[in-house]
Structure formats: C-alpha cells, structure tokens
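The structure under discussion appears below in the form of structure tokens.
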Amino acid sequence: MFLRSMVAGTAMALTLIGSGGAIAEEKFVTIGTGGQTGVYYQVGGAICRLVNRGSKDHEIKCTHTTGGSVANINGIRAGDLDLGVAQSDWQYHAYNGTAPDQFPDGKFEGLRAVFSVHQEPFTVVARADSGINSFDDLKGKRVNVGDPGSGQRGTMEVLMKEMGWTMDDFALASELKSSEQAAALCDNKVDAIIFTVGHPNGSIKEATTSCESKLINVNNEASQKLVDENEFYAVATIPGGMYTGTDEDVTTFGVGATFVSSTATSEEIVYEITKAVFENFDRFKKMHPAFANLKEEDMIKKNLSAPMHDGAVKYYKERGWM
Ligand code: GLU
C-alpha cells in the first residue's frame, strides 16, 4: 500500500546513485491493469518486471495497480496513470468519443496506442444447476454484470442493448469486481458471471473448479451483428478441455487487449517500456500462457485504433517494423 500510494501517478523522486554521490532522476511509472485473478494484472506485472530489470540503464521504475479498461483509460486521462491495459472496443470508443456513459468527457484525443496483446473472448460461466445453456437463457437469472470500471461491464451493456434488454431483465444484476465473482458464483449468490478476459486465467479456473459450472456460447444474432458492424469485435473460440466441465469448444465474440498511454506520457518512458518488452520478447511470452502465441507483427498492427505513441513509433522504426 505504501509503495502504491508513493508511486501513484508520475511521481518523480531524486535518488543517490553510486558511491560518487551523483544524482540521477528516477522516474516512477504506473500502469493500470485489472483484478488479480485476471490477465491484465499479469500483463502489468510482466512488463514491470522487464522494465525494472533494465532500470540500471534508464532510471525508470515501474509498478502497476488494478482497474479495468474503462478505469484505466479514465485514469490515464486524469493523469493518475501513465499507461494501462484496455480492451480494443474501449480504446476505440475513448478515442472517438462514441461511448458517453464510459467516457463522459467526450473524445480523448490524447489517447495513444502502444501495442496490442492477447485476445479476450467475452466469457460467460453459469452454474451447472442454473438451467442456463445459452446467452438468451440469462433472462430472469441472477447475473454478475461486472463493476462499472471494467471492460466486461461495458461490453455486456453493448450486447444487452443490441438484444433490447435492460438490467430489469435479470432477477439480480450484481456489480462485483472480476476478482470477487468466482466466489459469488460458487456460493450460489449468482447464477452466471461475465468476464472479457484472456485464457487460461485464474478467475475462470476458480469458477470452474470450486463448484460445478460451465462456459456458455455467446453466438446469437445480436453478437453476430456486433461482429459484422464493428472492426474491434471478432468471433472467438475458447478451446474445449481448457476448463473443467467444458469439454467442447465454446463460441463467442471477443476483443483484443491493448496497451495504451497518452501524449502526456513522455516519448522516453514509452520507448523504454516498449523496448523492454520486445528486446525480451521470448521471456515476455513465457510469463503467461495467454501470451504464448503472440507475434510481434500482430501486436503493432491489430486492434489499435488510437494513433501510435511517438515513443513506440521510435522503437518500431529502429527495428525496421514501420
Ligand atoms: N478485459 C477486462 C477489463 O477490461 C480485464 C481482463 C483482465 O483482468 O485480464 O476490465
């Protein structure tokens, strides 16, 4: 807690380096991530570990804190965070000003893309005893729609709107955080939970091993329309056998996780962070199973709708990728 409050925002500190007493400027960088059982938290942890390993060369110290897509983008805009992880749909809406509920201040023109990361299928897990076999069966049930700062809450609302549903269509619409929802499912406080997240992850593992539950397809007319009409959505598959209780492949739609920043974060900081990831790319990919199939060329091309940050462009040009 002390460390977190100490480094909130871009705090600058003076530190004594070396026996000669030379004074160097140490820059603290904070990355917005997500709940501890999700993948964003791991993305932030992996990036910070790589950045901090090289801090003898660049004086940047990196830490990360929880949030979720919408909270992360709003935190960057407010200057509380330097960078953050966000779903491709929320990157698009923040930059274009097309989601006033999530981003009441309108277009965030200073938003910048750094790279994209793993795919995030929109994932629904239902208790085995709930009688839920499709997304449409959620009607009348107790559903954790997610906390308002999270990406899944917003994406859930988009899908519900497409289906003509409101929160009143559920017997209960709870707003628990991603890290709390597996326990709520298995304590029978809700019938289903929703998480837009990379796989495999701790949260869905907890939900499918602590009680009898299964993943549900989300492939109705409304989800297909979202995919057809928006470049930031795609059909997604969660492989059968990945989680207990779900042997068949699950078909749903999804987004991409992306790493974003803003023009307020310096070129130097974004350059060093980008470099730390791509110079240690094999190490990075081993840091989480959801990163195993990442490819450099996809990461700098796919799912990015805001302009690329100058610091990232500098690094990609150096590598001859742009
Ligand atoms: N996609 C989720 C969000 O935007 C977070 C997923 C995770 O924590 O890995 O809030």
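The table for this structure:
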quantity: Unmet requirement for Thr65, which otherwise passes all of (1) free of Cβ contacts under 8 Å to residues at least 24 places away in the same chain; (2) among the hydroxyl-bearing types (Ser, Thr, Tyr); (3) within 11 Å of Gly32 (Cα to Cα); calculated: (1)
quantity: Considering residues of region 293-322 that are of a type in the set (A, V, I, L, M) and modelled with pLDDT of 95 or more only, the residue nearest to Asn201 (Cα to Cα); calculated: Leu294
quantity: Residue in region 89-101 that is of a type in the set (Ser, Thr, Tyr), open to solvent by less than 50 Å² (accessible area, probe 1.4 Å) and part of a helix (DSSP H, G or I) present; calculated: no
quantity: Hits in region 172-187 - residues which are more than 13 Å from the ligand (Cβ to nearest atom), part of a helix (DSSP H, G or I) and out of contact with any helix residue (DSSP H, G or I) (no Cβ under 8 Å at 6 or more places or on another chain); calculated: Ala184
quantity: Check on Ile204, in contact (Cβ under 8 Å) with a residue 40 or more places away in the chain, over 13 Å from Ile238 (Cβ atoms), out of contact with any Pro (no Cβ under 8 Å at 6 or more places or on another chain) and among the β-branched types (Val, Ile, Thr); calculated: no
quantity: Candidates Val260, Val227 - the one that is over 23 Å from Ser213 (Cβ atoms), within 16 Å of the ligand (Cβ to nearest atom) and in contact (Cβ under 8 Å) with a residue 12 or more places away in the chain; calculated: Val260
quantity: So Lys177, is it closer than 28 Å to Leu294 by Cα and open to solvent by 30 Å² or more (accessible area, probe 1.4 Å); calculated: yes
quantity: Filtered residue count, region 23-67, keeping only those that are within 10 Å of the ligand (Cβ to nearest atom) and open to solvent by 10 Å² or more (accessible area, probe 1.4 Å); calculated: 8
quantity: Condition check for Asp80: outside any strand (DSSP E or B), modelled with pLDDT of 95 or more, within 30 Å of Leu226 (Cβ to Cβ) and of a type in the set (Asp, Glu); calculated: no
quantity: Residue match in region 106-127 (condition: in contact with a strand residue (DSSP E or B) (Cβ under 6 Å, 6 or more places away or on another chain), over 23 Å from Ser305 (Cβ atoms) and either open to solvent by 10 Å² or more (accessible area, probe 1.4 Å) or part of a loop (DSSP other than H, G, I, E, B) (or both)); calculated: yes
quantity: Qualifying residue in region 196-204 (condition: polar (S, T, N, Q), within 17 Å of the chain's Cα centre (by Cα) and part of a strand (DSSP E or B)); calculated: yes
quantity: Residue tally, condition away from the ligand (no atom under 16 Å from the Cβ) and closer than 19 Å to Phe253 by Cβ, over region 196-214; calculated: 1
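The values are calculated or read from the model by the stated rules, or taken from the named source; none is laboratory data. Quick caveat, the model's predicted, so the values are computed rather than measured. Here the Cβ is made from the backbone with ideal geometry for all residues, glycine too, and neighbour counts use every protein chain on show. Just so you know, the surface numbers come from the protein's heavy atoms only, side chains and all, with ligands and any DNA or RNA stripped out. Shrake-Rupley method; radii C 1.70, N 1.55, O 1.52, S 1.80 Å.
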